[in-house]
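A.B. asks: Provided herewith is a single structure, encoded as structure tokens, for subsequent inquiry.
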Amino acid sequence: MLDANQDKPIPVPAPRIARFERLGFGMFVHWGLYAQIGRGEWAKNNQKIPTPEYMKLMETFTAKDFSGRALAKLAKRAGMKYITLTSRHHDGFSLYDTRGLSKLDVTHTPAKRDLIKDFTEGCRAEGILPMLYCTTLDWSDDRFSADFPAYLEYLRKSIEILCTHYGPIGGFWFDGNWSNPKADWQEDKLYGTIRKHQPEALIINNTGIGSEGQLGNPEIDSVTFERGRPKPLNRGGHPKYVAAEMCHTMNFHWGIANQDFNYLSPAHVIEELCLARRAGANLLMNLGPSASGKLPDYESAAWKRVGDWIALHGGDRGVIYNGRPTSIVGTGDDFALEMNGDLYLFVLDLTATANTQAHGAATRGPGKREFQGVSSQFKRACWTDNGEDLKMEQDLGTGHLVLHATGYPYGSNTVVRIARLQAS
Ligand code: GLC
């Protein structure tokens, strides 16, 4: 339905890609030595800290409070189905045992345990899919600038270790090719390593801010929208169906930032989630654990609230995970998803105090909401949160539908309200 107007056929997604799309909501975790500095994951680069000095942070890296299981428990509670953890970030420090490939890994710290092992096992214990973020650029490894082919060999061997020691991995999330788009990153070889050892793993390569939604190597399974609102993909005529994912920060940093107070609210996250799903994209929301690996209180609390909202709208079987994009057009940011023949109208800005920062639409309040392009008849409309019946008018000839959106009862506000239109 996404490409209803396209004359070229839309390819059928591979099962791993179709599965990924239904995961809907994931957790991004940025954690490493930089958490001890508390000024985001770019601290080494921004503050121009020389590698020997920066790596002294390894001496105090205890990972005392890091628990993959705790991350997975929070994800589950928040309605997130997968976690993407930084196995190594741009600073060059690895959270896993690189088995002699590098001295800059967790085995050379007081933590003395393989945190990727802890992470993957913790996820599986809670039914959460573990995915691994892998940097492709490196601020500490001299080979990155002095001997690029040797560096790429190191990168490939690192990925091989991640593929062969931690059980099934949901996906590999690469980040950094944007630093030198002209370089030959030998992607075929890198992705070939993954296909060989982990054929079911998704391959993602972050195209970065300014290049959202761009297709790359044919092995890539999902495009990325780093902090950008996903647009519906035009898939007609492409050789392969790719998924889409938007990653977003809670406070404009990825690693923990002690002096950043500019957090998103649960309402904002709910809107971001809905507007990602409008385009069939997943939302990957980030948190940065503390220096010792503790989960941050604010994100934990905010995301539990988001989890409550998802539960109120059908939970695992609901439209948030299983609804498919349509070509129906609403006014403002209103939109429609389709699930099992029923139509779900997402109504935004229903209150005078609605959170509008995520999309910039003017506050509209209750009243008539118009939708264009509705080509089949629906019998009954009701709010999914409280079952209240709603009036609607439909003109099948023009595809015009009007929903009479009632306001929130005193004491309730679900930020985005969903009307279910039943086909029978
Ligand atoms: C950017 C940043 C990086 C972060 C990533 C997440 O590429 O360089 O720090 O990990 O975005 O999407």
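The values are calculated or read from the model by the stated rules, or taken from the named source; none is laboratory data. Note that this is a predicted model, so its numbers are computed, not measured. In this analysis, Cβ positions are derived from the backbone assuming ideal geometry, glycine residues included, and neighbour counts consider all displayed protein chains. Accessible surface is based on the protein model in full, side chains and every heavy atom, while ligands, DNA and RNA are left aside. Shrake-Rupley method; radii C 1.70, N 1.55, O 1.52, S 1.80 Å.
A.B. asks: Determine if segment 310-317 includes at least one residue that is over 29 Å from Gly255 (Cα atoms), more than 16 Å from the chain's Cα centre (by Cα) and part of a strand (DSSP E or B).
C.D. replies: No, that holds for no residue.
A.B. asks: Also, quick follow-up: Working carefully through the options Thr164, Thr136, find the one that is in contact (Cβ under 8 Å) with a residue 12 or more places away in the chain, away from the ligand (no atom under 16 Å from the Cβ) and β-branched (Val, Ile, Thr).
C.D. replies: Every option except Thr164 fails the conditions.
A.B. asks: Taking only pairs six or more apart or across chains, which ones have beta-carbon atoms under 8 Å, a first residue in segment 28-39 that is assigned by TED's automatic domain parsing to the domain that holds Phe119 and more than 14 Å from Ser87 (Cα to Cα), and a second residue that is of a type in the set (D, E, K, R) and open to solvent by less than 10 Å² (accessible area, probe 1.4 Å)?
C.D. replies: Taking only residues 6 or more apart or on different chains, not a single pair turns up.
A.B. asks: Does segment 324-336 include one or more residues that are in contact with a His (Cβ under 9 Å, 6 or more places away or on another chain) and hydrophobic (A, V, I, L, M, F, W, C)?
C.D. replies: Looking through segment 324-336, none of the residues is in contact with a His (Cβ under 9 Å, 6 or more places away or on another chain) and hydrophobic (A, V, I, L, M, F, W, C).
A.B. asks: Which of (1) of a type in the set (D, E, K, R); (2) assigned to a helix (DSSP H, G or I); (3) closer than 30 Å to Ser375 by Cβ does Asp7 not meet, given it meets every other one?
C.D. replies: (2)
A.B. asks: For segment 408-422, what are the residues that are open to solvent by 20 Å² or more (accessible area, probe 1.4 Å) and closer than 26 Å to Ala276 by Cβ?
C.D. replies: Those that are open to solvent by 20 Å² or more (accessible area, probe 1.4 Å) and closer than 26 Å to Ala276 by Cβ: Tyr408, Ser412, Asn413, Val415, Arg420, Gln422.
A.B. asks: Here is a follow-up. Among what's in segment 276-292 and is surrounded by 22 or more Cβ atoms within 10 Å (Cβ to Cβ) and in a loop (DSSP other than H, G, I, E, B), pick the residue that is nearest to the ligand (Cβ to nearest atom).
C.D. replies: The qualifying residue nearest to the ligand (Cβ to nearest atom) is Gly288.
A.B. asks: Filtering segment 371-395 down to residues that are within 30 Å of the chain's Cα centre (by Cα) and open to solvent by 70 Å² or more (accessible area, probe 1.4 Å), which residue is modelled with the lowest pLDDT?
C.D. replies: Asn386
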